[in-house]
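Report on one structure; see the data block that follows.
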Amino acid sequence: MTKAMILAAGQGMRVRPLTRNLPKPMVPILGKPLLEYIIEHLARNGVREIMMNVAYNHYKIENFFGDGSRWGVEIGYSYEGVREHGDITPKPLGSAGGMRHIQELGGFFDDTTVVLCGDAIIDLDLRAALKEHWLKNALASVITLPVPREEVKNYGVVVTDENNRVLSFQEKPSPAQAKSNLASTGIYIFEPQVIDLIPSKQVFDIGSELFPMLVERGLPFFAQTRPFNWIDIGRLTDYWAVQQRVLRGEVEGFSIPGKQVRPGVWVGLNVQVNWDEVNIQGPVYIGSNTRVEAGATITGPTWIARGSHVRSGTRVEQCILFDYTRISNDQVFVDKIVSPQYCVDRSGDTIYVGDEDSPLRWGDARA
């Protein structure tokens, strides 16, 4: 039976401050962690045994998903860290090194394994991808998608011959230097023999180290290019854009939770809104136990998470409010990601609660 490996040990520095106290795979989309969508997709495709490597804030992943039985799968966790001066410190082993560490412990990778990054949502037909992998007698396959030439600098680029055999791999080349516009999606299929090639007890990366090794040794390593949705949350700007697309209904497979109380407006349980004295234009979601005071204006796409409080005279437009966020009176928040501690605009500029240089006022709705 095909198994899966989800890479979830990274620190997620490019989406700070969202990941300051949260593993990147736990960043929410429509109130659900990114990682939950991945696990649901694996379960739909018949994958039942899943390993994850974890490190930073690992307990937040482990406490949420447990043994995986809620999703009809079985999940195991491999912590990557060291003891320094008496403290346990996260120390990821790299995408490939983490797999070797798992293999040396219990030999988990004894069958074909699908490897996925924990920071992207996909709807890839895994069964079709596996079938192509097996028909080619591949030891390794990488799933690719064409991207505009000007965007290759954001991705690992795969170079192939006419039979889709991988010839080389460029890590984030400039458009002028790129030999291809096929981006690696961070989805791989490996046979157990590939895991055996990874050096033991050292940091080792799939894209920059394992792939060149496979090419150098002339092993059957192929790229697959097939149409599917790949929503990569590589940067903070991606996160804001994805939330906007999902709320507008532009991405299949996502449904806004709660009850639709008027066209384009959904609410959770026990919200307090005087509908005659607010101006709300969807798509907007208002989470449970949230208060929206009279005189407030909310324009979608906007997500307001549970326990929040939007005060009178405030305008919230195309924003994401995390749990327990309070927006003060007579404020204007446009194109923002807001938590009780920080506020980020769509370009990634961050301000924190209490910053006297900012005109914006917000805080913690629990206080």
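The values are calculated or read from the model by the stated rules, or taken from the named source; none is laboratory data. A quick note: this is a predicted structure, and the numbers were derived from the prediction, not measured. Every residue, glycine as well, gets a Cβ built from its backbone with ideal geometry; the counts of neighbours run over all protein chains shown.
Tell me which strands (runs of 3 or more DSSP E) are completely within the stretch 124-182 and hold 1 or more residues being exposed (fewer than 14 other Cβ atoms within 10 Å of the Cβ) and either assigned by TED's automatic domain parsing to the domain that holds Gly218 or not hydroxyl-bearing (Ser, Thr, Tyr) (or both), or say none if there are none.
Ranges flagged: 140-146, 166-171.
May I ask you to list pairs of residues, at least six apart or on different chains, whose Cβ atoms are under 6 Å apart, with the first in the stretch 73-98 being under 17 Å from Ile38 (Cβ atoms) and the second being assigned to a helix (DSSP H, G or I) and of a type in the set (A, V, I, L, M)?
Val73/Ala43; Ser78/Ile102; Ser95/Ile206
Which one is surrounded by the fewest Cβ atoms within 10 Å (Cβ to Cβ), of the residues in the stretch 225-280 that are acidic (Asp, Glu) and within 24 Å of Gly295 (Cβ to Cβ)?
Asp276
Considering the stretch 70-95 alone, what residues qualify as being crowded, with 18+ Cβ neighbours inside 10 Å and of a type in the set (Val, Ile, Thr)?
Across the stretch 70-95, the qualifying residues are Val73, Ile75.
Go through Tyr342, Tyr324 for me and flag whichever is crowded, with 18+ Cβ neighbours inside 10 Å, hydroxyl-bearing (Ser, Thr, Tyr) and at pLDDT 95 or above. Spell out how you get there, then give the answer.
On the way: Tyr342 fails: at pLDDT 95 or above.
Answer to the selection: Tyr324.
Would you mind finding the one in Gly186, Gly218 that is at positive phi and either assigned to a strand (DSSP E or B) or surrounded by 13 or more Cβ atoms within 10 Å (Cβ to Cβ) (or both)?
Checking each option against the conditions leaves just Gly186.
Within the set of pairs 6+ apart or on separate chains, which have a first residue in the stretch 54-71 that is at positive phi and in contact (Cβ under 8 Å) with a residue 24 or more places away in the chain, a second that is among the acidic types (Asp, Glu) and surrounded by fewer than 18 Cβ atoms within 10 Å (Cβ to Cβ), and C-beta atoms under 8 Å apart?
The qualifying pairs are Gly68/Glu74.
Could you tell me which residue of the stretch 30-46 is modelled with the lowest pLDDT, considering only residues that are out of contact with any Gly (no Cβ under 8 Å at 6 or more places or on another chain) and buried (at least 21 other Cβ atoms within 10 Å of the Cβ)?
So, considering only residues that are out of contact with any Gly (no Cβ under 8 Å at 6 or more places or on another chain) and buried (at least 21 other Cβ atoms within 10 Å of the Cβ), the one modelled with the lowest pLDDT is Pro33.
What do you reckon, is Tyr239 of a type in the set (Phe, Trp, Tyr) and in a strand (DSSP E or B)?
No.
Quick check, is Ile256 in a loop (DSSP other than H, G, I, E, B), at negative phi, among the β-branched types (Val, Ile, Thr) and touching a residue at least 40 places away in the same chain (Cβ under 8 Å)?
Yes, satisfied.
Do we find that Asp123 is within 28 Å of Thr237 (Cβ to Cβ) and out of contact with any Phe, Trp or Tyr (no Cβ under 9 Å at 6 or more places or on another chain) in this structure?
Spelling it out, it is not the case that Asp123 is within 28 Å of Thr237 (Cβ to Cβ) and out of contact with any Phe, Trp or Tyr (no Cβ under 9 Å at 6 or more places or on another chain).
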